[in-house]
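I have placed the structure first, in the form of structure tokens, so that the comments after it can refer back to it.
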Amino acid sequence: MSSKNTRLLPLASTLFLVGIFTFVVHEFAHWLAGTLLGYPMRMTPNQAHSTTPMLPLHESIVSAAGPLVTYAQAAVGYRLVTRRSALVGFALVYMAFFMRLVAMGVSTFNPNDEARISLELGLGLWTLPALAVAVLLVLVVLASRRMRIHVREQLVCYLVASIVVTAFVGVDALWFRRT
């Protein structure tokens, strides 16, 4: 069995756990920012929001908190890849990219964190989301090359990340709807 084949299960399981971590930490960052600003916050698997109206600046701060933590996650992951060739580092980078890519796609219907901030700054809907996804994609490509993660493993990453995102969004929609 080649080293590529023996790496699929550890890659898939690491990515799955990192995917859960990514969602929880991202939403927790929103919740924490709002709480520190003095708002009563509610957090579900796929969203955190104030239960009372927020000042526009505070909305932007809370919107930025999740992505900033996700970008920091990607930076830590990339450092782990470059310093230690750590599989968990690749998973941190990949999930940060995948989460922001999916969120950007959803912005067509409901502006994501970066899109709301981009609009608030007068940059248009797609400027910040596209920039964020482009930078994260570069990190994924560089990390993939460094770790020698090729097409078959990338497909596994895509499938696992898709399962995690679908599970979080689905659970949130089914059991945590706003009332």
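The values are calculated or read from the model by the stated rules, or taken from the named source; none is laboratory data. These numbers come from a predicted model, not from an experiment. All Cβ positions, glycine included, derive from the backbone under ideal geometry; neighbour counts span all protein chains shown.
What about Leu92, is it assigned to a helix (DSSP H, G or I), more than 16 Å from Gly19 (Cα to Cα) and not β-branched (Val, Ile, Thr)? Walk me through how you get there before you give the answer.
Details: assigned to a helix (DSSP H, G or I): yes; more than 16 Å from Gly19 (Cα to Cα): no; not β-branched (Val, Ile, Thr): yes.
So Leu92 fails the test.
Anything in the stretch 89-110 that is β-branched (Val, Ile, Thr) and either surrounded by 18 or more Cβ atoms within 10 Å (Cβ to Cβ) or closer than 14 Å to Ser144 by Cβ (or both)? List them, or say none.
Scanning the stretch 89-110 gives a single hit, Val93.
When you scan the stretch 108-129, how many residues do you find that are under 23 Å from Leu159 (Cα atoms) and within 14 Å of the chain's Cα centre (by Cα)?
Filtering the stretch 108-129 for residues under 23 Å from Leu159 (Cα atoms) gives 108, 112, 129.
If we keep only those that are within 14 Å of the chain's Cα centre (by Cα) as well, we get 112, 129.
Within the stretch 108-129, residues that are under 23 Å from Leu159 (Cα atoms) and within 14 Å of the chain's Cα centre (by Cα) number 2.
Please give the number of the condition Val81 fails out of (1) surrounded by 19 or more Cβ atoms within 10 Å (Cβ to Cβ); (2) over 17 Å from the mean Cα position of the chain (by Cα); (3) over 16 Å from Val18 (Cα atoms).
Status for Val81: all satisfied but (3).
So which residues in the stretch 51-66 are assigned to a helix (DSSP H, G or I) and either at positive phi or not hydrophobic (A, V, I, L, M, F, W, C) (or both), if there are any at all? Full working, then the answer.
Taking the stretch 51-66 first, the residues assigned to a helix (DSSP H, G or I) are 56-66.
Result: Pro56, His58, Glu59, Ser60, Ser63, Gly66.
Among the listed residues Thr82, Thr22, Thr35, Thr52, identify the single one that is among the polar types (S, T, N, Q), over 26 Å from Leu174 (Cα atoms) and modelled with pLDDT of 95 or more. Even if it seems obvious, please write down each step before you answer.
Details: Thr22 fails: over 26 Å from Leu174 (Cα atoms); Thr35 fails: over 26 Å from Leu174 (Cα atoms); Thr52 fails: over 26 Å from Leu174 (Cα atoms).
Residue meeting the stated conditions: Thr82.
Can you tell me which condition Pro10 does not meet? The list is (1) under 22 Å from Val76 (Cβ atoms); (2) in a loop (DSSP other than H, G, I, E, B), and all the others hold.
Result: Pro10 passes all but (2).
It is to be established whether one or more residues within the stretch 168-178 are more than 23 Å from Phe28 (Cα to Cα), in contact (Cβ under 8 Å) with a residue 60 or more places away in the chain and part of a helix (DSSP H, G or I).
Residues of the stretch 168-178 that are more than 23 Å from Phe28 (Cα to Cα), as a first pass: none.
The answer is no; no qualifying residue exists.
Step by step: first the residues of the stretch 1-46, then only those that are β-branched (Val, Ile, Thr) and buried (at least 17 other Cβ atoms within 10 Å of the Cβ), then the one that is farthest from Ala96 (Cα to Cα). Which residue is that?
Narrowing the stretch 1-46 to residues β-branched (Val, Ile, Thr): 6, 14, 18, 20, 22, 24-25, 35, 44.
From what is left, the residues that are buried (at least 17 other Cβ atoms within 10 Å of the Cβ) are 14, 18, 22, 44.
Details: Thr14: 14, Val18: 9, Thr22: 7, Thr44: 19 Å.
Selected residue: Thr44.
Which condition from (1) buried (at least 16 other Cβ atoms within 10 Å of the Cβ); (2) in a helix (DSSP H, G or I); (3) at pLDDT 95 or above; (4) over 15 Å from the mean Cα position of the chain (by Cα) is the one that Ile149 breaks?
(2)
List the residue pairs whose Cβ atoms are under 6 Å apart, where the first residue sits in the stretch 117-131 and is farther than 17 Å from Gly66 by Cβ, the second is among the polar types (S, T, N, Q), and the two are 6 or more positions apart or on different chains.
Listed by first residue and then by second, the contacts come to Thr127/Ser118.
Restricted to the stretch 50-62, and to residues that are without any contact (Cβ under 8 Å) to a residue 24 or more places away in the chain and not hydrophobic (A, V, I, L, M, F, W, C), which residue is surrounded by the most Cβ atoms within 10 Å (Cβ to Cβ)?
Our first condition is that a residue be without any contact (Cβ under 8 Å) to a residue 24 or more places away in the chain; within the stretch 50-62, this holds for 50-55, 57.
With not hydrophobic (A, V, I, L, M, F, W, C) added as a condition, the list becomes 50-53.
Numbers: Ser50: 19, Thr51: 10, Thr52: 10, Pro53: 8.
Checked the stretch 50-62; the qualifying residue surrounded by the most Cβ atoms within 10 Å (Cβ to Cβ) is Ser50.
Among (1) under 24 Å from Leu9 (Cα atoms); (2) crowded, with 19+ Cβ neighbours inside 10 Å, there is one condition Gln154 misses while meeting the rest; what is its number?
Among (1) under 24 Å from Leu9 (Cα atoms); (2) crowded, with 19+ Cβ neighbours inside 10 Å, Gln154 violates only (2).
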